[in-house]
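Chemist: Right, I'll just put the structure down here and ask away after.
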Amino acid sequence: MTRPEVTVEIPADLHLFLPADRRTARTTLTTDGSSSLGHVVESLGIPLTEVGALAVDGREVPTGHVPADGEHVEVRAVTRPQMVPGAPLRFLLGVHLGTLARRLRLLGVDATYESEDIGDPALAALSAKECRVMLSRDRGLLRRRELWAGGYVYSDRPEEQLRDVLGRFAPVLAPWTRCVACNGLLAEADKESVRGRLADGTRKSYDVFAECTGCGRVYWRGAHHTRLSALVEQTMRDYGDGPPRRAE
């Protein structure tokens, strides 16, 4: 039986996932005649989380489409902002994305962070169980079928990671409402109720406090507040008025 040969067109944004010898606008593939188009794309190294749509000879097709000989396949990148079912969006981050998780929490985004390597199967299962978008730099993890949704984090620099995530998913931002340590919600706290957990200098210098309803951590506008405020203010200018999300 003749094995089908197809031409695949891949946008430049996705070339980093490809083997070096296939990093061109178009590449020719010979398939086995039974594998789905989604499997063919993944065999090139591209996680389907990074694919916005697949088209064959100009018409969009599902990932389950089986390519036929002579077809022209177009892999389309994700459209930004990407509409993911569910609002407000919730995220799950792997062990190497702690700084990104803390910055998302600072902005009021629900971001669970696993500080220990619990393994890809457990992360994928947690994503599905809690309907969280899995953010990762692990391509293998993003190819797991159990994932509810996912996104590859393209940069290893926290500043660029944050811009990438906010620009792609456009989550609702609510700064200063979450604990950066545990992701719990913050509530106003009376000074007297937290006095026993404050150092002498803090008790004398500050009067306004917040407390995490999850872990009990106490917050006040201390030495780092100016730096954090600058980050929040710039981010709100850039992303605070993003398009409304739809719940599905």
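Chemist: Less than 13 Å Cβ to Cβ from residue 182, Lys/Arg counted +1 and Asp/Glu -1: what total charge do the surrounding residues give?
Modeler: Once positives and negatives cancel, what remains is +1.
Chemist: Based only on other Cβ atoms within 10 Å, what is the fewest-to-most ordering of 212, 131?
Modeler: 131, 212
Chemist: Once you order the gyration tensor axes a ≥ b ≥ c over the Cα atoms, which shape class does segment 80-170 get: rounded for a/c under 1.5, otherwise prolate or oblate by comparing a/b with b/c?
Modeler: It is rounded, given that a/c, with a ≥ b ≥ c, falls under 1.5.
Chemist: Using 0.36 nm times the number of residues separating residue 229 and residue 9, minus their current alpha carbon distance, what extension gain do you get?
Modeler: 74.8 nm
Chemist: Sticking with this structure for a sec: Are there cysteines in the chain with no other Cys C-beta under 4.7 Å, and if so, which?
Modeler: 131
Chemist: What number comes out for the charge environment of residue 35, summing +1 per Lys or Arg and -1 per Asp or Glu over other residues with Cβ under 12 Å away?
Modeler: So the surrounding residues net to -1.
Chemist: Okay, next question. Gain in length, residue 237 to residue 215, computed as 0.36 nm per residue apart minus the alpha-carbon separation, to one decimal in nm?
Modeler: Between residue 237 and residue 215, full extension yields 4.9 nm more.
Chemist: Along the charge dipole of the chain, Cβ charges K/R +1 and D/E -1, which of 56, 179, 154 sits furthest on the positive end?
Modeler: 179
Chemist: Dipole magnitude of the chain about its Cα centre, charges +1 at Lys/Arg Cβ and -1 at Asp/Glu Cβ only, in debye to the nearest 20?
Modeler: The dipole of the chain has a size of about 880 debye.
Chemist: Can you list which of the trypsin sites (Lys or Arg not before Pro) found in segment 110-156 are DSSP loop residues with at most 13 other C-beta atoms within 10 Å?
Modeler: Listed in order of number, the matching sites are 145.
Chemist: Share of Cα-Cα pairs in segment 175-238 beyond 19 Å, in percent?
Modeler: Cα-Cα pairs of segment 175-238 separated by over 19 Å account for 36 percent.
Chemist: Evaluate E = 1/(1 + (r/R0)^6) for residue 87 and residue 176, where r is the Cβ-Cβ distance and R0 equals 22 Å; express this FRET efficiency to the nearest 0.05.
Modeler: Given R0 = 22 Å and the Cβ-Cβ separation, E is 0.60.
Chemist: Taking 0.36 nm per residue of sequence separation and subtracting the Cα-Cα distance, how much length would be gained by fully extending the chain between residue 96 and residue 79, in nm to one decimal?
Modeler: Extending this stretch completely gives an extra 3.5 nm.
Chemist: Quote the relative contact order of segment 4-50 in percent (integer), defining contacts as alpha-carbon pairs under 8 Å separated by 6+ residues.
Modeler: Across segment 4-50, relative contact order equals 43 percent.
Chemist: Looking at segment 5-77, what % of its DSSP beta bridges pair antiparallel, to the nearest 5?
Modeler: Expressed as a percentage, antiparallel bridges in segment 5-77 total about 80.
Chemist: If you line up the Cα atoms of the chain on their principal axes, what length do they span on each, largest first, in Å?
Modeler: The Cα atoms of the chain stretch 82, 35, 34 Å along the principal axes, largest first.
Chemist: Separate question: Of all DSSP beta bridges located in the chain, what percent are antiparallel, nearest 5?
Modeler: For the chain, the DSSP antiparallel bridge percentage is about 60.
Chemist: Can I ask one more? Tell me the Kirkwood radius of segment 1-106: reciprocal of the mean inverse pair distance over distinct alpha-carbon atoms, in Å.
Modeler: 15.5
Chemist: Follow-up. At 7 Å along the Cα-to-beta-carbon direction for both residue 193 and residue 139, put a label point, then send me their distance in nm to one decimal.
Modeler: Computed distance between label sites residue 193 and residue 139 equals 5.0 nm.
Throughout, read-outs are computed from the coordinates displayed, never taken from laboratory work. Values in this document were obtained by computation on a predicted structure and should not be read as measured data. Every residue, glycine among them, receives a Cβ derived from its backbone with ideal geometry; neighbour counts consider all protein chains shown.
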